[in-house]
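For reference, the structure discussed in these notes is given below.
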């Protein structure tokens, strides 16, 4: 992968994301598996480079990059553990992980959109607006970006999302969505 000068600058500007992913996601030295912290940082750099190369500038870059960095680290940890346990992988793990992740995110969006259609018929107005917020969050928008779109403060966006999740969790017919982690 060859990066342009602008893309290299973007990689350098976002190096802190790698540290944030490692700090947020890995707890203790047992989470490192067969790798050192420096190894995982370098693997995260590969994920950041992929994020910069694949960025279509349609949403928040940091959210997109965070996800790709974490996916790259997860792939390495799984592969490293397989080798440590003397299990040879049967296929290219990164391609499988990418396909599963794409399917899951598109599936989640479809389920959320179906949930929104159902709730729009019988839910109060605040919950309907909260469903809009959850849909936008599923598409990777931050609370601040959603607030700009809906002309609301970011705190109000977070409150709407929280109240909508609580409302959905109380409905027995939507328990599957809550259990699946969508709300």
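Of the residues 62, 105, 94, only one is closer than 25 Å to residue 144 by Cβ and modelled with pLDDT under 70; which?
105
Only one entry in 68, 77, 136, 112 is surrounded by 14 or more Cβ atoms within 10 Å (Cβ to Cβ), modelled with pLDDT under 60 and part of a helix (DSSP H, G or I), namely 112. Scanning the range 27-47 turns up one or more residues that are under 26 Å from residue 136 (Cα atoms) and assigned to a helix (DSSP H, G or I). Taking residues in the range 131-152 that are outside the structural domain of residue 55 (by TED's automatic domain parsing) and more than 19 Å from residue 57 (Cβ to Cβ), and partners anywhere that are modelled with pLDDT of 80 or more and part of a loop (DSSP other than H, G, I, E, B), the pairs with Cβ atoms closer than 6 Å and at least 6 places apart or on different chains are 147/153.
The values are calculated or read from the model by the stated rules, or taken from the named source; none is laboratory data. Just so you know, these numbers come straight off a predicted model, no measurement behind them. Counting neighbours? That spans all protein chains shown, and the Cβs are built from the backbone with ideal geometry, glycine included.
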